[in-house]
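To start, the structure itself, in structure tokens.
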Amino acid sequence: MRRYYIAGNWKMNLTPSEGALYAAELAKAVQKGKPDAKVMIAPAFVAIPAVLEAVKGSPIIVAAQNAADHLSGAYTGEVSLSMLKDLGVGTVILGHSERRAIYGESDALINAKTKLALSEGFEVILCVGETLEEREAGKLEDVLSRQVKIGLGGVSSADMSRVVIAYEPVWAIGTGKTATPDDADNAHAYIRGLINGLYGKDVAEQLIIQYGGSVKADNVKELMAKPNVDGALVGGASLSIDKFLPIIEFGL
Ligand code: PEP
């Protein structure tokens, strides 16, 4: 039985003080509501220490939205996994479509980051997903296959217990357009099949696959009801408690 995993990606929103206020409120609500789901929030790097402090004692996981592919050195402007580990962060989102499209991150770079993060003991949320152009050209499966196979190249079966895949169709991110529950389930089933081919049935059945793309309180229930949808990676609707809490509590 896979446990639902609901994650909030704050992107470049919420300052350290705004993030800490919101996270403290969320921690209180989560402790009171005792949702069955695993809950994560990913603030901007500079807000991580304040947010970690604010959620102390609660089950909320604080993650990073990205990390460098080296542990230290002359990489101006980058933040390393060892720095994040030192703060107490143990989860990192890698390969988000905004990192791929805006900052030109390749599958090979995302793979290097994934392997480094796993070797440093992190849980990795690896994001994959097609653009509208790719979907309309019938390339959905080719894109997912490439992103999954290259992204996980060299990752051992044992390390797969710390990998989560987030399927985020690029055309549904921040656009208000959500994949239908059947579209999401079909893509997730395809990804699970790829993992079955690479690692076997046990790893494939244990893999958590989150859906991301305009998830809101009013569509989360039907998405999560699908057999291959095990959680959500939420952008816009994770930025305030009134929008995020109903998503976390969908199962209560
Ligand atoms: C995201 O960026 O991961 C995302 C899914 O954003 P939104 O929920 O705003 O579409």
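The values are calculated or read from the model by the stated rules, or taken from the named source; none is laboratory data. Not measured: the values here are computed from a predicted model. Neighbour counts are summed over all protein chains in view; Cβ atoms, including those assigned to glycine, are modelled from backbone coordinates with ideal geometry. These area figures cover heavy atoms from the full protein model, side chains too; ligands, DNA and RNA do not enter into them. Shrake-Rupley method; radii C 1.70, N 1.55, O 1.52, S 1.80 Å.
Structural remarks
- Of all positions in region 209-228, none carries a residue that is within 28 Å of L21 (Cβ to Cβ), away from the ligand (no atom under 15 Å from the Cβ) and either touching a strand residue (DSSP E or B) at 6+ places or on another chain (Cβ under 9 Å) or of a type in the set (A, V, I, L, M) (or both).
- Positions within region 199-228 being part of a helix (DSSP H, G or I), under 16 Å from Y5 (Cβ atoms) and open to solvent by less than 30 Å² (accessible area, probe 1.4 Å), in sequence order: V220, L223, M224
- A68 vs. criteria open to solvent by 80 Å² or more (accessible area, probe 1.4 Å), at pLDDT 95 or above and not in a helix (DSSP H, G or I): no
- Considering only residues in region 101-116 that are within 16 Å of the ligand (Cβ to nearest atom) and without any contact (Cβ under 8 Å) to a residue 12 or more places away in the chain, the one that is least open to solvent (accessible area, probe 1.4 Å) turns out to be E105.
- Matching entry among A64, A50, A7 (being free of Cβ contacts under 8 Å to residues at least 40 places away in the same chain and within 16 Å of the ligand (Cβ to nearest atom)): A64
- Taken over region 86-143, the criterion of being over 23 Å from I173 (Cα atoms), in a loop (DSSP other than H, G, I, E, B) and aliphatic (A, V, I, L, M) is satisfied by V89 alone.
- Residue among S145, S161 that alone is open to solvent by 10 Å² or more (accessible area, probe 1.4 Å), within 20 Å of A101 (Cα to Cα), away from the ligand (no atom under 16 Å from the Cβ) and in contact (Cβ under 8 Å) with a residue 12 or more places away in the chain: S145
- The lone exception for R192 - which of (1) charged (D, E, K, R); (2) open to solvent by 40 Å² or more (accessible area, probe 1.4 Å); (3) over 17 Å from T178 (Cα atoms) it fails: (2)
- Residue among G129, G121, G88 that is on the phi > 0 side of the Ramachandran plot, in contact (Cβ under 8 Å) with a residue 12 or more places away in the chain and surrounded by 21 or more Cβ atoms within 10 Å (Cβ to Cβ): G129
- Residue within region 73-83 that is more than 16 Å from the ligand (Cβ to nearest atom), crowded, with 16+ Cβ neighbours inside 10 Å and touching a residue at least 60 places away in the same chain (Cβ under 8 Å) present: no
- Single condition G236 does not satisfy, out of (1) open to solvent by less than 20 Å² (accessible area, probe 1.4 Å); (2) within 12 Å of the ligand (Cβ to nearest atom): (1)
- Filter result for D185 (open to solvent by 10 Å² or more (accessible area, probe 1.4 Å), within 16 Å of the ligand (Cβ to nearest atom) and outside any strand (DSSP E or B)): no
- Checking each residue in region 164-182 for being in a helix (DSSP H, G or I) and within 13 Å of the ligand (Cβ to nearest atom) picks out V170, W171, A172.
- Of all residues in region 7-34, those being closer than 23 Å to I208 by Cβ and not in a helix (DSSP H, G or I) number 6.
- Every condition in (1) touching a residue at least 60 places away in the same chain (Cβ under 8 Å); (2) open to solvent by less than 10 Å² (accessible area, probe 1.4 Å); (3) more than 24 Å from L132 (Cα to Cα) is met by G231 except one, and the failing one is (3).
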